[in-house]
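Participant: Take this structure, written in structure tokens, and hold onto it; I'll ask about it next.
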Amino acid sequence: MFFQKSDVFKEPTVFNEMYIPDVFLYRDDEIKTVGTAFARLYNGSGFSHLWINGPPSTGKTQVVKRLTKEFNDHSEGENKKVFYAYVSARKKTLPMVYSELLGQFDSGASYIKGASPWEYIGKIKKLAKRYKYINFIFDEIDKIIPTASHKNPIDDIIGTFTRLHEDDNVFSLSGVGYMTTIISNDMHLHKHLSPSTQSTFVAHNIKFNEYDAQQFGTIFLERCRMGFQPGVIKDEDVLRFAANLCRGVKDVRTGLQVLSAAGHLVEERNNGEKKITWDDISQAFKIVEKNKLYETILKLDEPQIAFLVAVAKVQQRGEMATTELVYRIYTQIARAHCFEILKPRYMMEFIAPKLDGTGLITTAVKGRGRGKGITRTFEVLDEELKDILDMGEKELEKRSA
């Protein structure tokens with residue numbers, strides 16, 4: 001029974017975010033521009049650094065991955081000694097990114113806990129010398145994880161990989177032509193860069209714009225045609241969902257996750273009806289959003305979760321979540337779970353901004369009343385309040401056990 005053909009799915013992998021389509025809809029101009037830049041390196045003529053940016057889920061990664069594979073396959077076939085080294089920085093520390101980069105040059109290399117970035121770079125340097133031209137591609141660089149040792153890893157990467165020909169650079173690649181391609185959602189990446197790195201990061205900028213509602217609809221219809229059995233989902237429901245999504249999160253990945261989840265809901269039903277309804281799509285959307293919230297909370301450390309739960313507890317009581325009140329509740333939570341109680345200033349200057357950056361809370365400055373000064377206030381979305389309390393408290397219990 002486990003190997004029976006599905007009555008719902010024809011090819012479920014097309015809903016996976018790792019799936020790279022054969023045809024990219026509405027991205028002809030971007031493919032041509034990026035491909036032309038890659039071709040200049042391949043031919044050794046007039047190449048320069050690239051900065052590809054745009055909102056999440058606009059096809060940046062898929063386009064670059066497809067072109068990287070095509071150029072590497074062509075180079076290998078012609079023995080051109082040109083290499084396109086792609087790594088993703090998403091949810092990785094600087095040493096982890098460099099470890100993955102080393103793996104592009106040596107498939108037998110593995111992450112070495114405690115190794116410094118420069119140890120990896122020294123090995124990469126030796127292996128890179130065998131190529132004539134190299135494109136170092138760093139995807140989702142704005143999603144890299146800062147650490148105490150590497151507080152600004154974005155500047156570390158761009159600063160290093162735009163100075164590869166300088167004599168005083170430990171990673172000097174004299175004799176090897178290279179370009180560096182940076183991919184980010186952040187369209188203001190320069191704010192992370194030191195003045196010296198800004199002066200060397202002179203890059204051709206290629207922007208991927210958001211899809212509009214009509215384009216969303218066409219993309220989803222095409223994936224549903226490939227992914228679902230005929231007649232499983234109505235075109236009008238797909239287009240309605242695309243229009244609703246475009247008014248909200250504008251995220252193709254989320255949309256594909258929802259469509260896949262709706263298919264699984266129907267598959268799990270035992271009433272014999274193998275049709276995705278609008279109610280299935282609505283239920284699937286709630287499931288996906290709840291899963292995303294849980295995944296975000298799982299990535300937080302204990303002080304962040306405790307602070308988040310404190311905000312939610314104050315809000316649940318119908319009170320304004322001010323700095324003083326939230327910190328008081330936070331200390332009670334930390335004490336109850338035997339966690340270290342951090343200073344108020346650290347919580348407000350480091351923990352609160354990090355939570356704000358995840359979208360879990362919003363921060364505002366409000367007056368206390370006439371002549372009483374101002375205070376910061378915090379808020380979670382009303383529709384996420386119950387789940388934040390439930391998930392956050394359960395996670396704290398688990399970590400203190």
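Participant: Check off (1) without any contact (Cβ under 8 Å) to a residue 40 or more places away in the chain; (2) surrounded by 17 or more Cβ atoms within 10 Å (Cβ to Cβ); (3) acidic (Asp, Glu) for Asp73 and give me the number that stays unchecked.
Facilitator: Status for Asp73: all satisfied but (2).
Participant: Having 2 or more residues that are outside the structural domain of Met226 (by TED's automatic domain parsing) and among the small types (Gly, Ala, Ser) is the bar; report the helices (runs of 4 or more DSSP H) wholly within region 259-372 that clear it.
Facilitator: Fully inside region 259-372 and qualifying: 302-316, 323-336, 352-358.
Participant: Tell me, which residue of region 1-42 that is of a type in the set (Phe, Trp, Tyr) and under 24 Å from Ala213 (Cα atoms) is farthest from the chain's Cα centre (by Cα)? Step through it out loud before you land on a result.
Facilitator: Going through region 1-42, the residues of a type in the set (Phe, Trp, Tyr) turn out to be 2-3, 9, 15, 19, 24, 26, 38, 42.
This time we only want the ones that are under 24 Å from Ala213 (Cα atoms), so: 15, 19, 24, 26.
Numbers: Phe15: 17, Tyr19: 16, Phe24: 20, Tyr26: 22 Å.
Per the stated criteria, the residue is Tyr26.
Participant: For region 239-297, how many residues are crowded, with 19+ Cβ neighbours inside 10 Å and among the aromatic types (Phe, Trp, Tyr)?
Facilitator: 2
Participant: So which residues in region 315-344 are touching a residue at least 60 places away in the same chain (Cβ under 8 Å) and either surrounded by 20 or more Cβ atoms within 10 Å (Cβ to Cβ) or of a type in the set (Ser, Thr, Tyr) (or both)?
Facilitator: Initial filter on region 315-344 (touching a residue at least 60 places away in the same chain (Cβ under 8 Å)): 315-316, 333, 337-339.
Answer for region 315-344, where residues must be touching a residue at least 60 places away in the same chain (Cβ under 8 Å) and either surrounded by 20 or more Cβ atoms within 10 Å (Cβ to Cβ) or of a type in the set (Ser, Thr, Tyr) (or both): Gln315, Ile333.
Participant: Something else about it: Scanning for something crowded, with 16+ Cβ neighbours inside 10 Å, modelled with pLDDT of 95 or more and either β-branched (Val, Ile, Thr) or touching a Lys or Arg at 6+ places or on another chain (Cβ under 8 Å) (or both), does region 355-368 turn up at least one residue?
Facilitator: No, region 355-368 contains no residue that is crowded, with 16+ Cβ neighbours inside 10 Å, modelled with pLDDT of 95 or more and either β-branched (Val, Ile, Thr) or touching a Lys or Arg at 6+ places or on another chain (Cβ under 8 Å) (or both).
Participant: How about region 97-124: which of its residues are surrounded by 18 or more Cβ atoms within 10 Å (Cβ to Cβ) and in contact (Cβ under 8 Å) with a residue 40 or more places away in the chain?
Facilitator: Residues satisfying the conditions are Val97, Ile121, Ile124.
Participant: Is it fair to say Phe350 is surrounded by 12 or more Cβ atoms within 10 Å (Cβ to Cβ) and modelled with pLDDT under 95? Steps first, answer last, please.
Facilitator: Values: surrounded by 12 or more Cβ atoms within 10 Å (Cβ to Cβ): yes; modelled with pLDDT under 95: yes.
Against the criterion (surrounded by 12 or more Cβ atoms within 10 Å (Cβ to Cβ) and modelled with pLDDT under 95), Phe350 qualifies.
Participant: Moving on. If Arg240 satisfies all but one of (1) touching a residue at least 60 places away in the same chain (Cβ under 8 Å); (2) closer than 25 Å to Val8 by Cα, what's the number of the condition it fails?
Facilitator: Among (1) touching a residue at least 60 places away in the same chain (Cβ under 8 Å); (2) closer than 25 Å to Val8 by Cα, the lone unmet condition for Arg240 is (1).
Participant: Taking strands (runs of 3 or more DSSP E) that do not extend beyond region 47-163, which have at least 3 residues that are of a type in the set (Ser, Thr, Tyr) and over 19 Å from Phe201 (Cα atoms)? Don't jump to the end; show me each part of the working.
Facilitator: Details: elements: 49-53, 82-88, 133-139.
In region 47-163, there are no strands (runs of 3 or more DSSP E) which contain 3 or more residues that are of a type in the set (Ser, Thr, Tyr) and over 19 Å from Phe201 (Cα atoms).
Participant: Among the candidates Ile157, Ile141, Ile121, single out the residue that is among the β-branched types (Val, Ile, Thr), over 28 Å from Glu30 (Cα atoms), in the same structural domain as Thr36 (by TED's automatic domain parsing) and within 25 Å of the chain's Cα centre (by Cα).
Facilitator: On the way: Ile157 fails: over 28 Å from Glu30 (Cα atoms); Ile141 fails: over 28 Å from Glu30 (Cα atoms).
One residue alone meets the criteria, Ile121.
Participant: On to the next question. Looking at Glu383, Glu395, Glu349, which is the one that is under 22 Å from Leu293 (Cα atoms), free of Cβ contacts under 8 Å to residues at least 24 places away in the same chain and charged (D, E, K, R)?
Facilitator: Working: Glu395 fails: free of Cβ contacts under 8 Å to residues at least 24 places away in the same chain; Glu349 fails: under 22 Å from Leu293 (Cα atoms).
The conditions single out Glu383.
Participant: Looking only at region 174-198, which residues are free of Cβ contacts under 8 Å to residues at least 24 places away in the same chain and out of contact with any Leu (no Cβ under 9 Å at 6 or more places or on another chain)? Spell out the reasoning first.
Facilitator: Step one: filter region 174-198 for residues free of Cβ contacts under 8 Å to residues at least 24 places away in the same chain, giving 174, 188, 190-191, 195, 198.
Listed by number, the residues that qualify are His188, His190, Lys191, Pro195, Gln198.
Participant: A further question follows. State which residue is surrounded by the most Cβ atoms within 10 Å (Cβ to Cβ) when the search covers only region 15-39 and only residues that are at pLDDT below 95 and of a type in the set (Val, Ile, Thr).
Facilitator: Within region 15-39, the match that is surrounded by the most Cβ atoms within 10 Å (Cβ to Cβ) is Ile20.
Participant: So, one more: Given the residues Ile182, Ile137, which is the only one that is in contact with a Phe, Trp or Tyr (Cβ under 6 Å, 6 or more places away or on another chain) and farther than 18 Å from Pro55 by Cβ?
Facilitator: Details: Ile182 fails: farther than 18 Å from Pro55 by Cβ.
Among Ile182, Ile137, only Ile137 is in contact with a Phe, Trp or Tyr (Cβ under 6 Å, 6 or more places away or on another chain) and farther than 18 Å from Pro55 by Cβ.
Participant: May I pose another question? Among (1) surrounded by fewer than 15 Cβ atoms within 10 Å (Cβ to Cβ); (2) closer than 30 Å to Gly46 by Cβ, which single condition is Pro146 missing?
Facilitator: (2)
Participant: Consider Lys92 carefully, then state whether it is in the same structural domain as Tyr131 (by TED's automatic domain parsing), closer than 27 Å to Leu256 by Cβ, surrounded by fewer than 17 Cβ atoms within 10 Å (Cβ to Cβ) and not hydroxyl-bearing (Ser, Thr, Tyr). Give the steps one after another, and end with the answer.
Facilitator: Numbers: in the same structural domain as Tyr131 (by TED's automatic domain parsing): yes; closer than 27 Å to Leu256 by Cβ: yes; surrounded by fewer than 17 Cβ atoms within 10 Å (Cβ to Cβ): no; not hydroxyl-bearing (Ser, Thr, Tyr): yes.
For Lys92, the condition - in the same structural domain as Tyr131 (by TED's automatic domain parsing), closer than 27 Å to Leu256 by Cβ, surrounded by fewer than 17 Cβ atoms within 10 Å (Cβ to Cβ) and not hydroxyl-bearing (Ser, Thr, Tyr) - is not met.
Participant: May I ask you to verify whether Pro55 is within 30 Å of Tyr26 (Cβ to Cβ), touching a residue at least 24 places away in the same chain (Cβ under 8 Å) and either assigned by TED's automatic domain parsing to the domain that holds Phe136 or exposed (fewer than 13 other Cβ atoms within 10 Å of the Cβ) (or both)?
Facilitator: On the way: within 30 Å of Tyr26 (Cβ to Cβ): yes; touching a residue at least 24 places away in the same chain (Cβ under 8 Å): yes; either assigned by TED's automatic domain parsing to the domain that holds Phe136 or exposed (fewer than 13 other Cβ atoms within 10 Å of the Cβ) (or both): yes.
Against the criterion (within 30 Å of Tyr26 (Cβ to Cβ), touching a residue at least 24 places away in the same chain (Cβ under 8 Å) and either assigned by TED's automatic domain parsing to the domain that holds Phe136 or exposed (fewer than 13 other Cβ atoms within 10 Å of the Cβ) (or both)), Pro55 qualifies.
The values are calculated or read from the model by the stated rules, or taken from the named source; none is laboratory data. Owing to the predicted nature of the structure, the values given are computational and were not obtained by experimental measurement. We place every Cβ from the backbone using ideal geometry, glycine too, and count neighbours over all the protein chains shown.
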